[in-house]
């Protein structure tokens, strides 16, 4: 049966452990300079409605390291969005390639791709979810703490990255507190699903209370791609939620990048020894390779 990952909870807890173990093994092999062409000859179609640094480079490099090939398909490269239904694109791509990664605005578009594709479909980001980032986050935390016996405080917007991380944290058994301004919390469906998966996070509107017992502070941009018209409103709403040196203390900083320095996080914090953000960015490569070998 074809497996898809449109959000992190398309994986079971055992699947998640398998993917992370694969990622760790592949990362070790890279460090030792050992070739690992597990997907020799395979092709991955990469559909991009949204531009990206980390997503494109990590998937493309990952497929190359695995002995395969990645095809970048931007908005002007295929008929998707120019009159061809998503289900037709899914069917055609399935005849050409061994997997599809899609980075799109509407989450429903990725789930429709998965519904009609006969090869694995991976969500590279939608407005609702970012499971590949969560895999990299969990890999980073496991490396730093030797497992998931750690407490994480999410400080900022309950956005797509947050929502996937909430589910992933529940699956991994992480202790998580989410601090957002009122009205910007993760949606109820996400919190309910996290409860089903192992435990919903504590939710608060007080960032200082959230980080009090935390080992890790995780933040993300307040104004995501496509939300530029909400910028003034959001900057006002998130006053007091910036991760500063005082708020972070001696805790580990995580950020999925790109960062808006001077908004959700200060330059000093990002450049400090507490920042794990560069490890997170690197781990997108290894975690996605683990996922690709699991699915393909």
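Key figures
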item: Filtered residues of the range 111-142 (kept if in a helix (DSSP H, G or I), under 16 Å from the mean Cα position of the chain (by Cα) and farther than 15 Å from residue 50 by Cβ); result: 131, 134, 135, 136, 137, 138, 139, 140, 141, 142
item: Pair list, Cβ under 8 Å, 6 or more apart: the range 84-99 residue in the same structural domain as residue 70 (by TED's automatic domain parsing), other residue at pLDDT below 95 and outside any helix (DSSP H, G or I); result: 84/78; 86/80; 89/78; 89/79; 89/80
item: Single condition residue 22 does not satisfy, out of (1) touching a residue at least 24 places away in the same chain (Cβ under 8 Å); (2) in a helix (DSSP H, G or I); (3) surrounded by fewer than 17 Cβ atoms within 10 Å (Cβ to Cβ); result: (3)
item: Qualifying positions in the range 207-239 - exposed (fewer than 13 other Cβ atoms within 10 Å of the Cβ) and either within 20 Å of the chain's Cα centre (by Cα) or over 30 Å from residue 49 (Cα atoms) (or both); result: 212, 213, 226, 239
item: Meets criteria (surrounded by 14 or more Cβ atoms within 10 Å (Cβ to Cβ) and out of contact with any helix residue (DSSP H, G or I) (no Cβ under 7 Å at 6 or more places or on another chain)) for residue 38; result: no
item: Residue match in the range 242-255 (condition: within 17 Å of the chain's Cα centre (by Cα), within 25 Å of residue 11 (Cα to Cα) and assigned to a helix (DSSP H, G or I)); result: no
item: Residue that is surrounded by the most Cβ atoms within 10 Å (Cβ to Cβ), among those in the range 269-281 that are assigned to a helix (DSSP H, G or I) and either without any contact (Cβ under 8 Å) to a residue 24 or more places away in the chain or on the phi > 0 side of the Ramachandran plot (or both); result: 270
item: Residue 108 vs. criteria without any contact (Cβ under 8 Å) to a residue 12 or more places away in the chain, assigned to a helix (DSSP H, G or I) and more than 16 Å from residue 287 (Cα to Cα); result: yes
item: Single condition residue 168 does not satisfy, out of (1) in contact with a strand residue (DSSP E or B) (Cβ under 9 Å, 6 or more places away or on another chain); (2) assigned to a helix (DSSP H, G or I); result: (1)
item: Flag if residue 28 is within 20 Å of the chain's Cα centre (by Cα), in a helix (DSSP H, G or I), modelled with pLDDT of 95 or more and more than 20 Å from residue 107 (Cβ to Cβ); result: no
item: Unique residue being in contact with a strand residue (DSSP E or B) (Cβ under 9 Å, 6 or more places away or on another chain) and touching a residue at least 24 places away in the same chain (Cβ under 8 Å) when the list is 258, 201; result: 201
item: Residues (part of a loop (DSSP other than H, G, I, E, B) and under 25 Å from residue 256 (Cβ atoms)) located in the range 33-67; result: 49, 50, 51, 52, 53, 66
item: Whichever residue in the range 171-198 is part of a strand (DSSP E or B) and without any contact (Cβ under 8 Å) to a residue 40 or more places away in the chain and, among such residues, is surrounded by the fewest Cβ atoms within 10 Å (Cβ to Cβ); result: 175
item: Any chance residue 125 is in the same structural domain as residue 50 (by TED's automatic domain parsing), under 26 Å from residue 162 (Cβ atoms), surrounded by 22 or more Cβ atoms within 10 Å (Cβ to Cβ) and touching a residue at least 24 places away in the same chain (Cβ under 8 Å); result: yes
item: Residue identified as out of contact with any helix residue (DSSP H, G or I) (no Cβ under 8 Å at 6 or more places or on another chain) and either at pLDDT 95 or above or assigned by TED's automatic domain parsing to the domain that holds residue 58 (or both) among 275, 237; result: 237
item: Number of the condition not met by residue 102 [criteria: (1) part of a strand (DSSP E or B); (2) without any contact (Cβ under 8 Å) to a residue 12 or more places away in the chain]; result: (2)
item: Scope the range 282-296; condition surrounded by fewer than 20 Cβ atoms within 10 Å (Cβ to Cβ) and within 17 Å of residue 255 (Cα to Cα); matching residues; result: 282
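The values are calculated or read from the model by the stated rules, or taken from the named source; none is laboratory data. All values reported here derive from a predicted model rather than from experimental measurement. Heads up, the Cβs are rebuilt from the backbone with ideal geometry, glycines too, and the neighbour counts pull from every protein chain shown.
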